[in-house]
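Engineer: Before we start, here is the structure in question, set down as structure tokens.
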Amino acid sequence: MKTQCLIIGSGPAGYTAGLYLSRAGIKATLISGPQPGGQLTDTHEIENYPGFPENISGYDLMELMKKQSEKFGTQIVSGLVTEADFSKRPFVIKTDDNQEFTADSVIIATGATAKYTGLAAEKKYLGQGVSACAVCDGFFYRKQDVIVVGGGDTAAGDALYLSNICNKVYVAVRKPYLRASQILQDRMKEAANIEILTETVVTDIFGNDGVEGVTVKHKGGTAEETLRNIAVTGYFAAVGRKPQTEVFQEQIRTDEQGYILTDGVSTKTNIEGVFAAGDCADPVYRQAVVAAGSGCKAALDVEKFLNN
């Protein structure tokens with residue numbers, strides 16, 4: 001299949017890029033990836049996306065974006081990209097179901113997935129008390145007790161954010177020390193409602209209709225380990241995120257974590273004609289509205305590239 005621009009990945013960045021390209025009269029094809037609509041479809045309720053004062057589910061928001069993109073002509077196909085050849089134009093991209101695409105330009109919008117600790121209960125209570133985005137979901141735990149799992153800058157930032165909303169914030173840190181930057185550690189220690197639990201691992205999450213508490217294992221200065229339950233209604237995993245860029249990393253320049261590096265404020269990658277948008281190129285903000293904005297930027301960059 002031949003197209004002027006192939007968008008790899010759906011979600012806010014991919015759908016917005018398709019919308020802008022199609023409205024500009026550019027033939028755009030979007031490969032939806034393993035989870036059509038992206039990770040946002042796992043979010044049960046969104047109240048910080050502009051234009052929806054009555055809130056909207058992540059699934060419904062992505063369906064609306066998809067329909068709007070298709071309305072103007074974006075062709076959306078299923079599939080997971082397994083091979084990409086950016087050595088010459090037109091670029092050649094192959095999927096797991098043996099589809100082959102050739103494209104004059106490409107937008108990579110494959111997103112990033114949150115890392116969890118691996119507890120089975122994390123999947124069980126996902127969206128029912130378990131979250132990996134404090135900024136997205138923190139408001140739903142206003143004046144409640146929550147726990148953040150992790151000891152780096154992400155965990156510290158989440159804990160500080162939640163401390164302004166929640167009654168009590170526990171921070172479970174596997175190591176005997178925090179890895180977060182010193183300024184964040186200092187702020188955490190100054191917050192009266194943050195309790196840091198070092199050498200502590202969450203071993204289970206429990207509750208009937210949602211999270212009601214966690215079981216933690218603590219190992220102090222001795223070999224003896226102790227188990228105890230902590231009553232919380234929210235569990236926030238803050239152990240990092242993984243950009244979905246593996247298939248491109250031999251050709252596209254990324255940072256040490258795998259996030260795609262772009263040229264200045266643009267969405268250009270190190271390969272002319274290949275652009276990146278959304279969470280796969282954003283280790284900082286990680287918000288749907290930011291991803292949508294970057295999808296718009298990528299479309300405008302592609303339009304300029306194709307018209308030169």
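Engineer: Only one of (1) on the phi < 0 side of the Ramachandran plot; (2) out of contact with any helix residue (DSSP H, G or I) (no Cβ under 6 Å at 6 or more places or on another chain); (3) buried (at least 19 other Cβ atoms within 10 Å of the Cβ) is not met by residue 129, so which one is it?
Structural biologist: In the conditions (1) on the phi < 0 side of the Ramachandran plot; (2) out of contact with any helix residue (DSSP H, G or I) (no Cβ under 6 Å at 6 or more places or on another chain); (3) buried (at least 19 other Cβ atoms within 10 Å of the Cβ), residue 129 misses (1) alone.
Engineer: Moving on. Give region 249-265 a look and list any residue that's in contact with a strand residue (DSSP E or B) (Cβ under 8 Å, 6 or more places away or on another chain), surrounded by fewer than 24 Cβ atoms within 10 Å (Cβ to Cβ) and at pLDDT 95 or above, or say none.
Structural biologist: As a first pass, look at region 249-265 and keep what is in contact with a strand residue (DSSP E or B) (Cβ under 8 Å, 6 or more places away or on another chain): 251-254, 257-262.
If we keep only those that are surrounded by fewer than 24 Cβ atoms within 10 Å (Cβ to Cβ) too, we end up with 251-254, 257-259, 261-262.
Correct list: 251, 252, 253, 254, 258, 259, 261, 262.
Engineer: A follow-up question, please. Are any of the residues in region 221-231 hydroxyl-bearing (Ser, Thr, Tyr), over 26 Å from the mean Cα position of the chain (by Cα) and farther than 30 Å from residue 49 by Cα?
Structural biologist: Filtering region 221-231 for residues hydroxyl-bearing (Ser, Thr, Tyr) gives 222, 226.
After this cut, where a residue has to be over 26 Å from the mean Cα position of the chain (by Cα) as well, the list is 222, 226.
Next, from what is left, pick out any that are farther than 30 Å from residue 49 by Cα: 222, 226.
Scanning region 221-231, I find at least one residue that is hydroxyl-bearing (Ser, Thr, Tyr), over 26 Å from the mean Cα position of the chain (by Cα) and farther than 30 Å from residue 49 by Cα, so the answer is yes.
Engineer: Here is a list of conditions, (1) among the basic types (Lys, Arg); (2) farther than 21 Å from residue 169 by Cβ; (3) in contact with a Pro (Cβ under 9 Å, 6 or more places away or on another chain), and residue 241 meets all of them except one; can you say which number that is?
Structural biologist: For residue 241, the failing item is (2).
Engineer: Filtering region 80-97 down to residues that are in a loop (DSSP other than H, G, I, E, B) and acidic (Asp, Glu), which residue is surrounded by the most Cβ atoms within 10 Å (Cβ to Cβ)?
Structural biologist: Initially, region 80-97 is screened for residues in a loop (DSSP other than H, G, I, E, B), giving 80, 86-90, 96-97.
From what is left, the residues that are acidic (Asp, Glu) are 96-97.
Numbers: 96: 12, 97: 10.
Residue satisfying both the conditions and the ranking: 96.
Engineer: How about region 27-79: which of its residues are farther than 27 Å from residue 3 by Cβ, in a loop (DSSP other than H, G, I, E, B) and modelled with pLDDT of 90 or more?
Structural biologist: Scanning region 27-79 gives 49, 50, 51, 52, 53, 54.
Engineer: When the residues of region 151-176 are filtered to those that are in contact with a helix residue (DSSP H, G or I) (Cβ under 7 Å, 6 or more places away or on another chain) and surrounded by 22 or more Cβ atoms within 10 Å (Cβ to Cβ), which remaining residue is nearest to residue 133 (Cα to Cα)?
Structural biologist: Here is the first cut: in region 151-176, the residues in contact with a helix residue (DSSP H, G or I) (Cβ under 7 Å, 6 or more places away or on another chain) are 153, 156-162, 165-166, 169, 171.
Okay, now just the ones that are also surrounded by 22 or more Cβ atoms within 10 Å (Cβ to Cβ), so 156, 158-159, 162, 166, 169, 171.
Values: 156: 13, 158: 8, 159: 11, 162: 11, 166: 15, 169: 15, 171: 15 Å.
In this case the residue turns out to be 158.
Engineer: Return the residues of region 177-190 that are buried (at least 16 other Cβ atoms within 10 Å of the Cβ) and hydrophobic (A, V, I, L, M, F, W, C); say none if nothing qualifies.
Structural biologist: Within region 177-190, 178, 180, 184, 188 meet the criteria.
Engineer: Quick check on region 7-33: of everything there that is buried (at least 24 other Cβ atoms within 10 Å of the Cβ) and of a type in the set (S, T, N, Q), which residue is nearest to residue 248 (Cα to Cα)?
Structural biologist: The qualifying residue nearest to residue 248 (Cα to Cα) is 10.
Engineer: Follow-up question, since we're still on this one. Regarding region 209-226, can at least one residue be identified that is loosely packed, with under 13 Cβ neighbours inside 10 Å, part of a strand (DSSP E or B) and modelled with pLDDT of 95 or more?
Structural biologist: Scanning region 209-226, I find no residue that is loosely packed, with under 13 Cβ neighbours inside 10 Å, part of a strand (DSSP E or B) and modelled with pLDDT of 95 or more, so the answer is no.
Engineer: Pairs please, first residue from region 102-116 and in the same structural domain as residue 9 (by TED's automatic domain parsing), second anywhere and among the hydroxyl-bearing types (Ser, Thr, Tyr) and at pLDDT below 95, Cβ atoms under 8 Å, 6+ apart in sequence or on different chains.
Structural biologist: Correct list of pairs: 109/10.
Engineer: Also, I was wondering about something else. Quick one: which residue in 97, 42 is in the same structural domain as residue 282 (by TED's automatic domain parsing) and either at positive phi or free of Cβ contacts under 8 Å to residues at least 60 places away in the same chain (or both)?
Structural biologist: Values: 42 fails: either at positive phi or free of Cβ contacts under 8 Å to residues at least 60 places away in the same chain (or both).
From the options 97, 42, the qualifying one is 97.
The values are calculated or read from the model by the stated rules, or taken from the named source; none is laboratory data. Given the structure is predicted, the values throughout are model-derived calculations rather than measurements. Here the Cβ is made from the backbone with ideal geometry for all residues, glycine too, and neighbour counts use every protein chain on show.
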